[in-house]
Every structure is written in C-alpha cells, then in structure tokens.
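Shown next, in structure tokens, is the structure this report addresses.
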Amino acid sequence: MREQNELYIDGAWRVPIQPSVLELNHPATGEPTGRVTLGGEADVDAAVTAAERAFISYSRTTPRERIALLERVLTEFDDRFEDLVQAVTEEVGAPLPLVRGAHLPTARVQIATAIEILKTYEFTETRGETTIRKEALGVAGLITPWNFPVLQPVGKTVSALAAGCTVVLKPAELTPSSAVILAEIMDAAGVPAGVFNLVTGRGSVAGSALSAHPGVGTVSFTGSVATATQVAIAAAPTVKRVTSELGGKSPHILLPDADFAVAVETAKSWLLATTGQLCSAPSRTLVPRDRVEEFLSVLVPAVEALRVGDPRAEETFMGPLISAEQWDIVQGYIRRGLDEGARLETGGLGKPAGLEAGHFARPTVFSDVDNAMTIAQEEIFGPVMSVIAYDTVEEAIAIANDTPYGLAAYVTSGDLEAANAVAERIRAGYVLINDTDFDWTAPWGGYKRSGNGREFGAAGLGEYLETKVIRG
Ligand code: ADP
C-alpha cells in the first residue's frame, strides 16, 4: 500500500497545511492501493511563495548551468525508471509494455531534448543598437491530467526549467505516486530549493488556487475543455499567460487506396493500446463507402483478437479504464451510440467476460455513424471507434474538419503525395501518415478547442519566455 502524506515545497517534504485524504484503488481490480493526503489553497500559496523567491536567482542562471542541472535530472530519471513503470501501471492501469515503451520514453526524450536545445538556443538577438532578449517568464503553474502522468509533468517541467522559470506542479488527483517520484528525482538531482515544487491537490481547490495566484506568471494546463475554461477564467484577473492542451476527436482518413492492415495498426497503436485514454486518439475512422464492409472484415477480427486484461501481465495489450467514473462515462457514450442508431460491430456495453472486478471496457466499433451523432462529436476517452462512410475525398476532408476539436489527425494511403495534400487541409496540430510514430520533440498542441500554445522541444521552451527589447 502506498501512503503519501507530504508535499514537496521549497526543497523539503512537508505535511499539508490544509490536508484532505483521498483513497486510491487499482484500476484492474478495484482493490485499495493506498491513500494520498492532498494539499489546499494555503499549500499552493506556500509553494508559489517559495517559487517566487527561488526565481530571483534561478532565472539568472546561465544555459550552461541549466544544462548541467537537467543532465543530473536525466541521470536520476533513468535511475528511477522501474519505480515509475510500476507507479504508472498501478495508477493508470496501463499495460507494462506500453508504460515501458511509450509513457516513459516519451518523457525521457523531453529531458534529453531540453538539454540539446539549450546548447544552441538564441536567448539574445542583436540588430544594431537593438537587443532583443528572451527572459524567463516567472513562476510556472503546471496542471496535468492522469492519462500520461509522467510525460505531461516532465514535458512541462523541463521546458520551464530550461527557460529559467521556477515551477509549481499540481498533478491529477488519481496519479500522485508518479508525481512524487518526479519530485524525488528533482530533489536527488540537486534542483535548488523552491525551483521545483509539488502540490498534490484537488483540481477545484489547488488547481484553481494556482490558476488565480498573482505570483504565478504562466499556467500550462492539460485536461478537458470544461476545466480549461475554469482555469482561463481564474487566470484572467491577473492577465497571466495560459497555454492549454485539451481534448480531441481526431479523424483517421483512409484514402480510397488505403492498406487496411496499416489502418488497423493505427487504430491499435493510438486508440486501443491506451484504452482510448489519449487526447490524440483516432476515434473517428473515415472510410470510402464502397470499402466499408471490406474494412470492417479486417478491423473487427483484429479488435476481437486483442488481449484485454491485467496491465501487470506482459501479454496484455489493453488494460482497464482508470476509474469507475471513467467507466460510467464510456458506458454512457456506448448507450448513446446505440440509441442514436449507430450499428454495433463488436464490443458494446458491459465488461469483457472474466474481467468484472476492474474498470474494464469492451473494445467497441460502431459503423453507420453519422458525424453529427454524439459519439462522433464528443470526446469519449474510451476504446470506442466510430466508422464513418464518405463518398469523395472532398467530403472526407469536410467531415474530418467538422468537429470543435483540432488536436491530431491520421491519414492512410499508398500515395504519400495524396496523403500530404489531405494532411495540409486538415485543421489540426499534428497529422500522422501511415501509422508512423509521433516525433515527441516536435511542437505538440491543438487548433480550435483543442487548446492554444505548443508543448515539447523548442516550441515548448518558448512558452515560458518573455520578450524584452533594450536599445541604446
Ligand atoms: P481529466 O478529464 O483528464 O481528469 P480535467 O480537466 O478534469 O481532465 O483535469 C485535468 C487537471 O485539471 C487535473 O489535475 C485536475 O485536478 C485539474 N482541475 C480540475 N478542475 C480544476 C479547476 N477548476 N481549476 C484548475 N484545475 C482543475
């Protein structure tokens, strides 16, 4: 059983000033796994005060000093790799191979990339008598979700630290253990007191206090649109910068010549492997009308062959949803799909046979989906795919863009030029062609209601900088 009763503030572990206890359970069994004592508004205030104090000297460190710091962070991260693997599997219910192969490497590359960028980043530009400086923006308030509880906090933290900002991290309530290990990594790496602070807390309490705090210069938020709106409202009176990475309803366009084996791999990698709990999941699959039945004949057996089970078993492909609450939400959407007249091809309501104890959902495919249906418009965050028929590529592009979201999109085609031409017309921040992997150092973020600003790599670093001109 994990017991976590302290927050990491000003270089020390402290019991919360305003404690509240949260019991945690294992997504695969529902069994208790531990309890965490969360902090409140006063704890956020203490952390921000420490971060403001530390900012005075940390913001004036040289890139070389910050490289040395991040190199130590990388060493400590590697040392704690296996602890993080166990924590993420336990907290999120993500299968071990996914955690080892995706959750942690995508986070590690953020640290390594920040180090590389700092080696050449131009913080100062001179044009005659004009000097343009990029300076650390201030205290960064980082609010992160539970679905990728290492990548999100690490990506934001290293960008902020590389820029010379100090940090207060408020991770998701359901994933405190991975965040605590991250704070231990920072501590072991010798990050100066107050430069990195961790306040576990409820979103409505600690998250909103961080968003509103006048000592915070920028909030970087990842989560839902509804919460992003609350964060922006809380941040508005102090005119702080808010960047956000939100949900998606990402289309996957199978062009008329698409190889369905490739398309099915895309569905497995980016929708089903994470039990649909990925903001960039390809949850709408757009298929030429005259090839829909053929596609389903390839897709459905592949989905039914997937191993759903305990995330701790090495052969498991798809684990449970994170919580009973998330399970209820997904069931609600499946019911809605049935009520609105979509055709259920596989999966559906309830739990897979033999997996009644945990928060397991059935991998579900709907066909005959109209893009106006709820299951095609709203983010489900579960293993539910909507197959939508189209008649012309023009129509496919229109359907792909007919969503409030714009985080990611996918195109499958044997003709790379055609795929690129379609990719250019989709209003989304990232388009993957033919089941390639994401480049996790490229700018990451959304169009429309999928957020604003970009994370990772040089673009992510830029979000934590302020611009100053000195002339004379
Ligand atoms: P998810 O659906 O992924 O849980 P949320 O948007 O609810 O997405 O949560 C993402 C993060 O935002 C979590 O750390 C959560 O605690 C935090 N949060 C929730 N409500 C608020 C709020 N009103 N203000 C600030 N942060 C919040």
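The values are calculated or read from the model by the stated rules, or taken from the named source; none is laboratory data. Only a predicted model underlies this, so the values are computations on that prediction, with no experimental measurement involved. No Cβ is skipped: glycine too gets one built from the backbone with ideal geometry, and neighbour counts run over all protein chains shown.
The table below lists the values:
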{"read-out": "Neighbours by Cβ (under 7 Å, 6+ apart or cross-chain): first from the stretch 68-88, in a helix (DSSP H, G or I); second among the polar types (S, T, N, Q)", "value": "84/178; 87/177; 87/178; 88/178"}
{"read-out": "Subset of the stretch 199-211 [under 18 Å from residue 14 (Cβ atoms) and in contact with a Lys or Arg (Cβ under 8 Å, 6 or more places away or on another chain)]", "value": "199, 200, 201, 206, 210"}
{"read-out": "Subset of the stretch 258-307 [over 25 Å from residue 407 (Cα atoms) and assigned to a loop (DSSP other than H, G, I, E, B)]", "value": "305, 306, 307"}
{"read-out": "Residue 332 vs. criteria over 26 Å from the mean Cα position of the chain (by Cα) and either in the same structural domain as residue 282 (by TED's automatic domain parsing) or within 21 Å of residue 91 (Cα to Cα) (or both)", "value": "no"}
{"read-out": "Residue, farthest from residue 176 (Cα to Cα), within the stretch 118-147, restricted to residues that are more than 14 Å from the ligand (Cβ to nearest atom) and in contact with a helix residue (DSSP H, G or I) (Cβ under 6 Å, 6 or more places away or on another chain)", "value": "118"}
{"read-out": "Selection count where residues are within 13 Å of the ligand (Cβ to nearest atom), part of a helix (DSSP H, G or I) and either of a type in the set (S, T, N, Q) or crowded, with 19+ Cβ neighbours inside 10 Å (or both), scope the stretch 232-243", "value": "2"}
{"read-out": "Condition check for residue 164: within 10 Å of the ligand (Cβ to nearest atom), farther than 21 Å from residue 274 by Cα and either within 16 Å of the chain's Cα centre (by Cα) or in contact (Cβ under 8 Å) with a residue 40 or more places away in the chain (or both)", "value": "no"}
{"read-out": "The lone exception for residue 229 - which of (1) buried (at least 24 other Cβ atoms within 10 Å of the Cβ); (2) near the ligand (Cβ under 10 Å from one of its atoms) it fails", "value": "(1)"}
{"read-out": "Residues satisfying the stated conditions in the stretch 374-413, i.e. within 22 Å of residue 424 (Cα to Cα), among the hydrophobic types (A, V, I, L, M, F, W, C) and free of Cβ contacts under 8 Å to residues at least 60 places away in the same chain", "value": "398"}
{"read-out": "The stretch 369-394, residues that are surrounded by 16 or more Cβ atoms within 10 Å (Cβ to Cβ) and among the charged types (D, E, K, R)", "value": "378, 379"}
{"read-out": "Out of 203, 194, 190, 215, sole residue that is touching a residue at least 24 places away in the same chain (Cβ under 8 Å) and within 14 Å of the ligand (Cβ to nearest atom)", "value": "203"}
{"read-out": "Extreme residue, nearest to residue 320 (Cα to Cα), among residues of the stretch 122-166 that are part of a strand (DSSP E or B) and small (Gly, Ala, Ser)", "value": "141"}
{"read-out": "Residue in the stretch 265-284 that is in contact (Cβ under 8 Å) with a residue 12 or more places away in the chain, out of contact with any helix residue (DSSP H, G or I) (no Cβ under 7 Å at 6 or more places or on another chain), among the acidic types (Asp, Glu) and not assigned by TED's automatic domain parsing to the domain that holds residue 225 present", "value": "yes"}
{"read-out": "Enumerated strands (runs of 3 or more DSSP E) restricted to the stretch 1-63, each holding at least 1 residues that are in contact with a helix residue (DSSP H, G or I) (Cβ under 8 Å, 6 or more places away or on another chain) and aliphatic (A, V, I, L, M)", "value": "7-9, 20-25, 32-38"}
{"read-out": "Count - residues of the stretch 167-181 that are touching a helix residue (DSSP H, G or I) at 6+ places or on another chain (Cβ under 7 Å) and without any contact (Cβ under 8 Å) to a residue 60 or more places away in the chain", "value": "3"}
{"read-out": "Residue list for the stretch 308-366, filter: among the β-branched types (Val, Ile, Thr) and touching a Gly at 6+ places or on another chain (Cβ under 8 Å)", "value": "308, 316, 322, 329, 330, 334, 364, 365"}
{"read-out": "Test: residue in the stretch 406-423 that is among the β-branched types (Val, Ile, Thr) and in contact with an Asp or Glu (Cβ under 8 Å, 6 or more places away or on another chain)", "value": "yes"}
{"read-out": "Residue list for the stretch 328-356, filter: closer than 14 Å to residue 30 by Cα and touching a residue at least 40 places away in the same chain (Cβ under 8 Å)", "value": "355"}
{"read-out": "Residue tally, condition buried (at least 23 other Cβ atoms within 10 Å of the Cβ) and farther than 11 Å from residue 283 by Cα, over the stretch 401-414", "value": "7"}
{"read-out": "Filtered residues of the stretch 244-257 (kept if among the acidic types (Asp, Glu) and in a strand (DSSP E or B))", "value": "245"}
{"read-out": "Complete set of residues in the stretch 357-368 that are surrounded by 15 or more Cβ atoms within 10 Å (Cβ to Cβ) and either over 24 Å from residue 289 (Cβ atoms) or touching a residue at least 60 places away in the same chain (Cβ under 8 Å) (or both)", "value": "358, 359, 360, 361, 362, 363, 365, 367"}
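Matching residues to (1) at pLDDT below 95; (2) in contact with a strand residue (DSSP E or B) (Cβ under 7 Å, 6 or more places away or on another chain):
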residue	(1), (2)
3	yes, yes
9	no, yes
16	no, yes
21	no, yes
31	yes, yes
38	no, yes
53	no, no
